[in-house]
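A.B. asks: Sharing a structure with you now.
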Amino acid sequence: MVMAAGLGTRMRPLTDTRPKALVEVGGKALIDHVLDRLAEAGVETAVVNVHHFADQMEAHLAGRVRPRVLISDERAELLDSGGGVRHARPLLGDEPVWVANIDSLWIEGETPALEAMKALWDPRRMDACLLLAPRGQGIGFEGPRGFFRDAEGRLTHSAEPEPPTPFAFTGVQIIKPRVLDGEGAGAFSMVPVWRRLSGERRLFGAVMDGFWMHVGDPQARDEAEARLAAAP
C-alpha cells in the first residue's frame, strides 16, 4: 500500500494545484519513485489511497501496469497512517503487506533497502518490520523522534530528546494488516500501534545502507533532486 492521501501542506505552493504525490523530483512524480521501488522488489499489485486532488491521482495511476494499482478512496475523510491502512483492509487482505509513504526516496547502498527488509522479515517473530536510516545518513530528519534497536533487530520508539535515537523511520514498513483490527473507528496514527507491538516484542527494524531523503517541503525536494542528479 502507498500512502498518498495527505494534503501536503508543507509542500505548498507546489501542492496548491496538485497532490503531493504528483510533485516531481528528477523528472518523476514522487509516487512513481515509490511504485518503481516496489515493482523492483516484486510487488505485482499496489493499493493507493487518495483524497487531495483525488481525480488527478486516479487519472495519473490509470496508466500503471507494474504494479497494477487499486484505489482506496478517502475523499470523504482523511484517515491518517493507521486508519488509512485499516480502511483499505478489504483490498489488502490478511497477508503481510508493504506500506510506503510517497515522500520517501533513497539512493541504494550495497544492499537494496527492500531486499534488506525481506531478509530480516520473519512472520513467526514479527508483526511489523520498519525500514530505518541511521542518523546522519540522509536528509529530512525532523526532531528527536526515532528508534532504538537491539542486537536482534527489535525496536523501541522514543520521542524524547535524550538520549538521541540512532535510527529514523524512512516511511516504509512491512506489516500484518490484522494488527490494526482492534483500533477505534476513524482516523488514527500508526505510532500507538508500533508502541503496542514494541511492548509485545513484535516490532523489528531493518537498517538501510543507502542514503535516505525525506521530501517533506520544497527545499527538501530541491536537495533530493540535486542528490539524485549527483548519484552514480
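A.B. asks: Considering only the stretch 158-184, how many residues are surrounded by fewer than 19 Cβ atoms within 10 Å (Cβ to Cβ) and within 19 Å of Ala206 (Cβ to Cβ)?
C.D. replies: Residues in the stretch 158-184 being surrounded by fewer than 19 Cβ atoms within 10 Å (Cβ to Cβ) and within 19 Å of Ala206 (Cβ to Cβ): 3 in total.
This table checks each residue for (1) of a type in the set (S, T, N, Q); (2) under 29 Å from His51 (Cα atoms).
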{"position": "Glu77", "(1), (2)": "no, yes"}
{"position": "Ser81", "(1), (2)": "yes, yes"}
{"position": "Leu92", "(1), (2)": "no, yes"}
{"position": "Glu95", "(1), (2)": "no, yes"}
{"position": "Trp98", "(1), (2)": "no, yes"}
{"position": "Asp103", "(1), (2)": "no, yes"}
{"position": "Leu114", "(1), (2)": "no, yes"}
{"position": "Ala119", "(1), (2)": "no, no"}
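A.B. asks: Next up: Return the total of residues in the stretch 185-213 being of a type in the set (Ser, Thr, Tyr) and surrounded by 15 or more Cβ atoms within 10 Å (Cβ to Cβ). Walk me through how you get there before you give the answer.
C.D. replies: Let us first name the residues in the stretch 185-213 that are of a type in the set (Ser, Thr, Tyr), namely 189, 198.
If we keep only those that are surrounded by 15 or more Cβ atoms within 10 Å (Cβ to Cβ) as well, we get 198.
Of the residues in that region, 1 qualify.
A.B. asks: Here's a follow-up. Which members of the stretch 27-64 meet the condition of being in a strand (DSSP E or B) and of a type outside the set (A, V, I, L, M, F, W, C)?
C.D. replies: Residues of the stretch 27-64 in a strand (DSSP E or B): 28-29, 45-50.
Of everything in the stretch 27-64, those that are in a strand (DSSP E or B) and of a type outside the set (A, V, I, L, M, F, W, C) turn out to be Lys28, Thr45, Asn49.
A.B. asks: OK, next. Need pairs with beta-carbon distance below 8 Å; first residue assigned to a loop (DSSP other than H, G, I, E, B) and within the stretch 65-86, second aromatic (Phe, Trp, Tyr); sequence gap 6+ or separate chains.
C.D. replies: Once the first residue is assigned to a loop (DSSP other than H, G, I, E, B) and sits in the stretch 65-86, its partners that are aromatic (Phe, Trp, Tyr) give Leu79/Phe188.
A.B. asks: For Phe141, state whether it is under 17 Å from the mean Cα position of the chain (by Cα), in contact (Cβ under 8 Å) with a residue 40 or more places away in the chain and either buried (at least 20 other Cβ atoms within 10 Å of the Cβ) or in a strand (DSSP E or B) (or both).
C.D. replies: Working: under 17 Å from the mean Cα position of the chain (by Cα): yes; in contact (Cβ under 8 Å) with a residue 40 or more places away in the chain: yes; either buried (at least 20 other Cβ atoms within 10 Å of the Cβ) or in a strand (DSSP E or B) (or both): no.
So Phe141 fails the test.
A.B. asks: Still on this structure: Please find, among Arg124, Arg196, Arg201, the residue that is of a type in the set (Lys, Arg) and in a helix (DSSP H, G or I). Spell out the reasoning first.
C.D. replies: Working: Arg124 fails: in a helix (DSSP H, G or I); Arg201 fails: in a helix (DSSP H, G or I).
Testing whether each residue is of a type in the set (Lys, Arg) and in a helix (DSSP H, G or I) leaves just Arg196.
A.B. asks: I'm checking my understanding of the structure. Among residues of the stretch 42-59 that are of a type in the set (Gly, Ala, Ser) and exposed (fewer than 15 other Cβ atoms within 10 Å of the Cβ), which one is farthest from Gly109 (Cα to Cα)? Spell out the reasoning first.
C.D. replies: Our first condition is that a residue be of a type in the set (Gly, Ala, Ser); within the stretch 42-59, this holds for 42, 46, 54, 59.
From the residues that got through so far, the ones that are exposed (fewer than 15 other Cβ atoms within 10 Å of the Cβ) too are 42, 59.
Values: Gly42: 19, Ala59: 34 Å.
In this case the residue turns out to be Ala59.
A.B. asks: Where residues in the stretch 215-232 are in contact (Cβ under 8 Å) with a residue 12 or more places away in the chain, in a loop (DSSP other than H, G, I, E, B) and out of contact with any Gly (no Cβ under 8 Å at 6 or more places or on another chain), which of them is nearest to Ile102 (Cα to Cα)? Steps first, answer last, please.
C.D. replies: Residues of the stretch 215-232 in contact (Cβ under 8 Å) with a residue 12 or more places away in the chain: 215-218, 220-221, 223-225, 227-229, 231.
Those still in the list that are in a loop (DSSP other than H, G, I, E, B) too: 215-217, 231.
Of the ones still in play, those that are also out of contact with any Gly (no Cβ under 8 Å at 6 or more places or on another chain) are 217, 231.
Values: Asp217: 13, Ala231: 20 Å.
Among those residues, the one meeting the criterion is Asp217.
So that you can scan it fast, the table gives a plain yes or no per residue for (1) touching a Phe, Trp or Tyr at 6+ places or on another chain (Cβ under 8 Å); (2) farther than 18 Å from Gly84 by Cα; (3) among the polar types (S, T, N, Q):
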{"site": "Gly8", "(1), (2), (3)": "no, no, no"}
{"site": "Arg12", "(1), (2), (3)": "no, yes, no"}
{"site": "Ile31", "(1), (2), (3)": "no, no, no"}
{"site": "Leu38", "(1), (2), (3)": "yes, yes, no"}
{"site": "Val43", "(1), (2), (3)": "yes, yes, no"}
{"site": "His52", "(1), (2), (3)": "no, no, no"}
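Each value in this text was obtained by applying a stated rule to the coordinates, not by laboratory testing. Because the structure is predicted, anything quoted here is derived from the model rather than measured. Cβ coordinates were reconstructed from backbone atoms using ideal geometry, including for glycine residues, and neighbour counts include every protein chain displayed.
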